[in-house]
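Asker: Structure in C-alpha cells, see below.
Each value in this text was obtained by applying a stated rule to the coordinates, not by laboratory testing. These figures come from a predicted structure and were not determined experimentally. Glycine gets a Cβ as well: all are built from the backbone with ideal geometry, and neighbour counts include every protein chain shown.
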C-alpha cells in the first residue's frame, strides 16, 4: 500500500498510461489481430493448402536455411570483428566502429541495389567470382549475401559491450596459473561470451527471416529456387489472394513470436550469467 | 548513484591500449594481425563496399545525369512524400514514446512487462506482414473497406496508408530508448520537484527533459532514418502510383527495375547520405553520453 501512495506523488499516470494503451491498440494491436482473425476464419483445409503449397514450402526452406547460415557466418566474423574493436588499437578504429551500424541506418532497398551491382556478373566482386563458377547475384547465394549484410551489426553489438565489460582479472588469473592465451580464450572468455553470441545469433536470424528490401533485388526471385517467404506474401497479394497471404503471414508471425520468446530467454540468461560472474 | 554506475559499463573497463600492454591480456602479434585482417576484410567486403558502390554508381554518368535524376518531377514528388511521411510519423511516435516511458518508469502497475514486450512487437514482425495488416483492415476487402469506399476515403494505396505503415514500423524506436534510461534514473528528482510545488508540466520540462534529452534525440534520429528508408511495409500499401504514392525507396525500386541505374543510384545516394548523417549524430551522442557517465563515476 505504501508503494501505491508514493507512486501517486507524480502526476500524469492516467493520462500517460491511457494514451499509451490507446495508441498501442490503434496502431499495433487491433490491426494485428486482423491477421489471426482472418486466418482463423478461413477454415483448416484452405489454410493448410495455402501454407503447404510446393512453392511456399520451397520459400520456407530458402528463408530459414539462408537465415540460419547467414547468422552462423555472422556469429564467427562478428566475434572476430568485436574482438578486434575491443582488444586492439588500430588506425581508423573509430570510423569502423561507427560504420558497423550501417545496415541499421541504410534503407534496405539501397543496400539491395548496391549489393546487386557489386555481385552481378559485371560488378566489382561478381566479375571475379562468376568466371570461377561462383554465381552470387540472382540466385540463392545472393539471398545469403544480403542476409549477411543486414545481420552483422546484431552480433557485433551484442558481443562488444560484454567484451568491454569483461573483467581482465579472470584472464590474469588464468595466465598466472599457466594457461596459454588460446586456453584462456577457450575456457575463460568464450564461455562468458556464449549467451551474448547466442542472443546475437537469434536476433540476426529473426531479422533475416522477415527481411525483404535488401533481398528481392539480388535474389532473382526464381520460383522454387530463390523466392523468400515475405515475397510469397507479396505475390499472393498481387494476385488478390488475400487469404493465402494472410495464411503465410500467420505462419511467419508464429515463427517471429517463438523467436521473440527465445531471445527474451537468452537475454535473461545473459544478465543472470553476468550477475553471477561479478 | 548505483543506478548511474550500472548504466555506464565503460567507466571501469580497460582501454584497448592498456589491454595490449598487459602480459595477461596481450595476444601474440600474429594473432592480432590475423584477427584484424579477417575482421576488417569482412567489414570491407560486406559493409564498406556496398556503401561506396552507391556513390560511385550514382556518379558513373557524371554530375549532370546525377542532378537531372534528382530534380525530375517524380523524384521531387517522392522526396516530398518521404519528408511528409517522416514529419508525421516521427512526432507521433515521439509523443507516444515519452508518454509510454513516463507511465512505465514513474509508476508501478500490473502487466508492465507485458506492455514493454508489446511495444517492441513491431520490431519482430516482417515489414511485409506490417504492410499486410493494414491492407486487411483498410483494403477493399478489409474490415473497414466497404465503409471507407462508401464515404470515398482512400487509405490503402494512398498517402494515409503509407503514413500508417511507417508509424507501425517505427513505433518502438523512441520508447525503447527512453524506457530503460528513465527506469534507471528513478523517480526521486521528479518527486522532489513535485513536493516543492512544481506542476507536472514544469517537472517534466525542467527535471525530466534535461535528463533524457540525448536519449530522446538518439531515438528521434533512428526513428527518422527508418521512417524515411522503410521499403517493405510501404511497398505493400503504396500501390506504386508514380508521382503520387511513391516514397524515395519505392522510387529507387521503380528506376532500378526500368534499368535506369544511374538515376536509381542517384536517389539512393541521398538515402545513403541520410544514413551517414544518422550514424554521425549517433556516434556523437554516444560519445557525449559516455563522457557524462565517466564524469559521474569517479575511477
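Asker: For chain A, set up a Gaussian network in which alpha carbons nearer than 10 Å are linked by springs, and say which option among A:76, A:215, A:159 fluctuates the most.
Answerer: Highest fluctuation among the options: A:76.
Asker: Taking only Cα atoms and a 10 Å spring cutoff, compute GNM fluctuations for chain A and point out the largest among A:180, A:16, A:89.
Answerer: A:16
Asker: Please find the FRET efficiency linking residue A:254 to residue B:205, where r is the Cβ-Cβ separation and R0 is fixed at 41 Å, and quote it to the nearest 0.05.
Answerer: 0.40
Asker: On average over all directions, what projected area in square nanometres does region A:152-206 have, based on the convex hull of its Cα atoms?
Answerer: The Cα convex hull of region A:152-206, projected and averaged over all directions, gives 3.7 nm².
Asker: Using only the C-alpha atoms of chain B, find the volume of their convex hull and express it per residue in Å³.
Answerer: 197 Å³
Asker: A further question on this structure: Using only DSSP helix segments of four residues or longer, with each worth -39500 (n - 2.57), what per-residue ellipticity at 222 nm results for the protein assembly as shown after dividing by its residue count and rounding to 500?
Answerer: The helix-only estimate for the protein assembly as shown comes to -23500 deg cm²/dmol at 222 nm.
Asker: Remind me, relative contact order of region B:138-240 in percent, using alpha carbon pairs under 8 angstrom and six or more residues apart?
Answerer: 43 percent
Asker: Any chance you could run the full-extension gain for residue B:273 through residue B:65? It's 0.36 nm times the residue separation minus the Cα-Cα distance, nm to one decimal.
Answerer: 73.1 nm
Asker: Let me ask something else about it. Of B:199, B:149, B:238, which has the largest mean-square fluctuation in a 10 Å C-alpha GNM of chain B?
Answerer: With Cα springs under 10 Å in chain B, the top fluctuation among B:199, B:149, B:238 is at B:199.
Asker: Could you give the Stokes-Einstein D for region A:44-277 in µm² per second, using the C-alpha Kirkwood radius, 37 °C, 0.692 mPa s?
Answerer: It diffuses with D of about 168 µm²/s by this estimate.
Asker: Checking the a/c ratio against 1.5 first, then a/b against b/c, what shape does the Cα gyration tensor give for the protein assembly as shown?
Answerer: Note, shape of the protein assembly as shown comes out oblate.
Asker: Is region B:6-109 rounded, prolate or oblate when judged by the Cα gyration tensor, a ≥ b ≥ c being the square roots of its eigenvalues, rounded requiring a/c under 1.5 and prolate requiring a/b larger than b/c?
Answerer: Oblate, because a/c is 1.5 or more while a/b does not exceed b/c.
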